[in-house]
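Every number here is computed from the coordinates shown, using simple stated rules; none is lab data. Remember, it's a predicted structure, so these values are computed and weren't measured experimentally. Positions of Cβ are backbone-derived with ideal geometry, glycine not excepted, and every protein chain shown enters the neighbour counts.
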Amino acid sequence: MEQRLDLQDVRHLLRILGELRELGADPAAWRGHLVNTLQTVCGADVCVIAELRVNDKAPSDVTNCAEVVTSLQAIDCGLSAAERELFYREIYFTDHTTDDALGAIVPLYGSAFTVRRAQVVADRKWDRSFCANERFRRAGCDDFVKSMMPVSRLGVLSSLELYRAPGRRFEERERLLLSLLHEELATDWNRDELCNGVRITPRQRQVLSRLCEGASEKEIAYELDMSAHTVHDHIKALHRTFGARSRGELLKAARTRSPARTRLVAEAQRAG
């Protein structure tokens, strides 16, 4: 049976996206906010966000993760200063040529994917593996959810990873949360910053997005924690910016400049 998110989870994701879009001009702020929020919403002990660049010189059959991608930067939460070095050495960057459990994840690098550890290696094999016992658990971690999304406009891979301490396993809910959020973020990152030549503010983008999903002004005001008057002012500004004389014209203009409907939008419409 296909996993679905409940309405509360969908609202969590929409709220997180709105907050990140508000912080979009400050990379350090939104990255820090993202890892801290994901840690809470997904019940992770450690969360890491990083931008990775594919190494064009790496041979196609390479099995060493360090040869496939180069870390441009990484921000984490849940790690003490004493734990950080061990975590990155033993878990985050490992040599898969000697990996007895996670070699199956190597072919996924460079593509868009979100997987739980159990989808890569079965519990029984994992629990007996060198990787689990001598790397992950020695560094205080065990189960994980790993997500990567190519950001073609920037020429990087965006990586989001969640980890839990031994004895705690991730379920499909957490994988789906991370997948939908990361997909939506990648859509934002791959979109032209000026909305194909039309300049709108982050708040206006949020309002416009919800209008395109069929939300009323009252619903938008509730979800974005704004007054109905403020939402109405944003909509009037959008009419002026897009040269639209009616709500129908505004939505038509916006949709011609927007990417295809994302899975999160579909999930929001289903859950609502």
Residue-span extension gain [Arg89 to Asp188] - 0.36 nm each, minus C-alpha spacing: 32.5 nm
10 Å-binned pair-distance histogram of the range 114-246 (Cα, whole percent): 11, 28, 23, 19, 13, 6, 1
Positive-end residue, the range 7-190 charge dipole about Cα centroid, Cβ charges, pick of Asn36, Ala101, Trp189: Ala101
Asp6-Arg245 pseudo-label distance in nm [points 7 Å out on the Cα-to-Cβ vector]: 4.8 nm
Chain lengthening between Arg15 and Thr40 when straightened (0.36 nm per residue, less Cα-Cα): 7.6 nm
Distance (nanometres) between label positions extended 7 Å along Cα→Cβ at Arg128 and Gln73: 4.4 nm
Coordinate range along principal axes, alpha carbons of the range 7-190, Å, largest first: 43, 39, 31
P(r) weight above 14 Å for the range 202-256, C-alpha pairs, percent: 46 percent
Cα→Cβ-extended label distance, 7 Å offset, between Arg53 and Ser80, nm: 3.5 nm
Residues of the range 218-257 with amide N under 11 Å of the 7 Å Cα→Cβ point at Thr201: 230-231, 233-235, 237-238
Point-charge dipole on Cβ atoms (K/R +1, D/E -1) for the range 7-190, about Cα centre, debye to 20: 260 debye
